[in-house]
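The values are calculated or read from the model by the stated rules, or taken from the named source; none is laboratory data. Here the structure is a predicted model, which is why all the values come from computation and not from measurement. Here the Cβ positions follow ideal geometry from the backbone for every residue, glycine too, while neighbour counts run over all protein chains shown.
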Amino acid sequence: MNIATLWQRLSNELLVTGDAPTVPEREAPVPWIGRIMMAVLGWFAGIMLLGTTGALFFVVLFGEGRAGAAVVGILLLVAAWWMFRIPQRNEFFQQLAFSMSIAGQLAAAWALTVIDSFGGIALALMILQIGLIAVMANRQHRFVSTLFAWAAFAVFLAERNVASALPAVIALTTVLLWRTETRWICAGHDDWLRPVAHGTWLSLLITCAVGLNSDVTKTFNLSVWQASSALAAIWIFAVFLYTDQLAAIKRVAVMVAALLLAAACWKAPGLLAASIGLLVAFARGSRTGTALALLATVLYLSAHYYQTNTTLLEKSYSLAILAVGLWIGAALLHFFHKPSDVKTSDGGVQ
């Protein structure tokens, strides 16, 4: 059924008046194999362009690597910004612009090595990534810039010996961004806040799966109890926000369960980070997000299990207790969430 036929039927029922609205024709989508080929060609063209311009500015004009890198980086970033603003959505130009931007960021990072400390370089790179999030009109670019910004922020905090605050900052930002999703969609900020929210959420899962295992915490002198305390507070805060539609008695029960989980995960802050990511994904109804959060949980638990300084017998006891707990939890869920009876057309119940 086309628009004209539908409009005629609605007019016959006196539901609409006037002429049928004109709907602009949509362009036929590019096949996925064509998009992949254009993306590969775009990246190849970007690498070739970086090689030629890099050789020109580094060797011929300047001789000093960092000065040339600064100029090349600025030129490449400006060119990528201009290409992203082209109205036509051509996959080749989009990927070419993306590769040019990455090359420009690498050149800018090399130019920033004139700064004495890693913390200063990381802070400058974080500011650069925030600026790119604001000006680059491309969701993929904003998503990657968000990941780079959080990585630079992690290095900055580690240089200041306050890396224990990183998981809590990412978790709180994730909760606030996704909890206010409807507001920033209505305000017209979806185009740049959604990739930032996705990048922040993924950074939380990466922090859970990689950044909070025992080896990493020892390497960067992370305080487990500080990270656990901050994440526990944010976990309780997130559960409180996401249960505002429940009845009072159910909300109290959920809050008690959240407190028990926070207490059980006191020495495993990665589980709290994964729980926050899982809560956000589940509340949004994202199956992919839920699966990724569960995968991050499994990765963290695997590393935590093998890095725990206990005997195999004690670990087997822990697994047995976990199995009993999961069984009890499944039984309670089945008891409190029984499927409602649905009457069939013949009067029966299924």
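Here is how the numbers come out for the structure above:
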quantity: Residue, nearest to Ala232 (Cα to Cα), within the stretch 135-147, restricted to residues that are assigned to a helix (DSSP H, G or I) and of a type outside the set (A, V, I, L, M); calculated: Thr146
quantity: Restricting the stretch 178-205 to residues that are surrounded by 19 or more Cβ atoms within 10 Å (Cβ to Cβ) and among the aliphatic types (A, V, I, L, M), the residue that is nearest to Tyr300 (Cα to Cα); calculated: Leu205
quantity: Subset of the stretch 222-238 that is modelled with pLDDT under 85 and in a helix (DSSP H, G or I) - its residue that is surrounded by the most Cβ atoms within 10 Å (Cβ to Cβ); calculated: Ser228
quantity: Filter result for Ala274 (within 22 Å of the chain's Cα centre (by Cα), more than 15 Å from Ala232 (Cα to Cα) and aliphatic (A, V, I, L, M)); calculated: no
quantity: Of all residues in the stretch 148-177 being closer than 22 Å to Ile234 by Cα and of a type in the set (Val, Ile, Thr), the one that is surrounded by the most Cβ atoms within 10 Å (Cβ to Cβ); calculated: Ile170
quantity: Residue in the stretch 123-134 that is assigned to a loop (DSSP other than H, G, I, E, B) and touching a residue at least 60 places away in the same chain (Cβ under 8 Å) present; calculated: no
quantity: Which listed residue is under 16 Å from the mean Cα position of the chain (by Cα) and closer than 18 Å to Ile170 by Cβ, from Ala262, Ala283, Ala291, Ala268; calculated: Ala283
quantity: Single condition His141 does not satisfy, out of (1) modelled with pLDDT under 85; (2) crowded, with 21+ Cβ neighbours inside 10 Å; calculated: (1)
quantity: Flag if Gln226 is polar (S, T, N, Q) and in contact (Cβ under 8 Å) with a residue 60 or more places away in the chain; calculated: yes
quantity: Condition met for Ala154 (at pLDDT 90 or above, under 21 Å from the mean Cα position of the chain (by Cα) and not charged (D, E, K, R)); calculated: no
quantity: Single match in Ala281, Ala273 (criterion: modelled with pLDDT of 90 or more and crowded, with 21+ Cβ neighbours inside 10 Å); calculated: Ala281
quantity: Residue check, Ala303 in contact (Cβ under 8 Å) with a residue 12 or more places away in the chain, over 21 Å from Ile170 (Cα atoms), small (Gly, Ala, Ser) and part of a helix (DSSP H, G or I); calculated: yes
